[in-house]
Amino acid sequence: MARPRVRLVITADDFGYCPRRDEGIVEAFLAGAVTSASLLVNGAAAESAAELARRHQIPTGLHANLSEGRPVGPARRGTSSLLSPEGFFLGKMGFREAVAAGDVALSQVREELEAQLSRFQELLGRNPTHVDGHQHVHVLPGVCQVFAEALQAHGVRFTRLPLERGIGGCTWLEAPARAFACAVAHDASAAVGPFSRRGLRYPQVDRCLRGPEHLWPAHVGSPCVGGSGPGPGRYTHRPLLDSGADGPPRLPQCASGWGLR
């Protein structure tokens, strides 16, 4: 009996973070190493990334950002539970701590998410193919309900839930990274109900928490160029999806052998 065919989706996150990163993502897409990208609409290179997506017909979703840089919605012009006194998002761990403490107003999460969806439409002239969260913010308790409702309202059918079994046994991850991955996987499991009840679909197998983060030798940009602005959670450029002397990755060929397409 023939095995059922399964679609393999490889998404490059942080599209729009900086020109060098975007260049690597485009090269990887053209070589068939990735199948889609997720755009940071508050990234320093968001506009040029949107142009690249149009030019190369890259299936592009929204990488909703509530943790790094500045907002694009009304919170930008006033105080918000999402922001520090300096006007920046609270950072990767700061946002999680604020959600856990009940200090984040979910109405403000919805407001910022709506603003980012609108900005995406301005940049690309259409709805996103999918929506996921920068640093997995979309699976946090309470926040996931907001995302599920907004995505359904905007006709978005697909998201990402990092349901990775056995992540705690990944000893190649350093202890802090492993603890974070375990927490994300736990939150993702709890988020299945809210997303499923709103008709959202997600990959049944996900491997975004285990690493390695890069498939090819990297285009490494300057840490001083790009990003979403200063503030907590701003990270330097990491190796990501680029071609090099070793040639294209063998992943597409392997996928074919696994019955994936």
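Observations
- Residues of the stretch 92-151 that turn out to be within 15 Å of Val72 (Cβ to Cβ), free of Cβ contacts under 8 Å to residues at least 60 places away in the same chain and touching an Asp or Glu at 6+ places or on another chain (Cβ under 7 Å), as a count: 1
- Filtered residues of the stretch 28-53 (kept if in contact with a Leu (Cβ under 7 Å, 6 or more places away or on another chain) and part of a helix (DSSP H, G or I)): Ala28, Ala46, Glu47, Ala49, Ala50, Ala53
- Among the residues making up the stretch 35-52, those that are surrounded by fewer than 23 Cβ atoms within 10 Å (Cβ to Cβ) and closer than 20 Å to Arg157 by Cβ are Thr35, Ser36.
- Helices (runs of 4 or more DSSP H) wholly inside the stretch 60-165 that include at least 2 residues being under 15 Å from Gly16 (Cβ atoms): 106-124
- No other residue among Gly91, Gly133, Gly73 is of a type outside the set (Ser, Thr, Tyr), buried (at least 18 other Cβ atoms within 10 Å of the Cβ) and in contact with a Pro (Cβ under 8 Å, 6 or more places away or on another chain) apart from Gly91.
- Any hit, the stretch 236-244, residues being of a type in the set (Gly, Ala, Ser), part of a loop (DSSP other than H, G, I, E, B) and either surrounded by 12 or more Cβ atoms within 10 Å (Cβ to Cβ) or at pLDDT below 50 (or both): yes
- No other residue among Val184, Val192 is at pLDDT 90 or above, of a type in the set (Val, Ile, Thr), open to solvent by less than 30 Å² (accessible area, probe 1.4 Å) and assigned to a helix (DSSP H, G or I) apart from Val184.
- The residues on offer are Leu52, Leu30, Leu39, and the sole one that is of a type in the set (A, V, I, L, M, F, W, C) and under 16 Å from the mean Cα position of the chain (by Cα) is Leu39.
The values are calculated or read from the model by the stated rules, or taken from the named source; none is laboratory data. Small disclaimer: the values here were computed from a predicted structure and weren't measured. Every residue, glycine as well, gets a Cβ built from its backbone with ideal geometry; the counts of neighbours run over all protein chains shown. The protein model used for the area step is the full one, side chains on, heavy atoms only, and it has no ligands, DNA or RNA in it. Shrake-Rupley method; radii C 1.70, N 1.55, O 1.52, S 1.80 Å.
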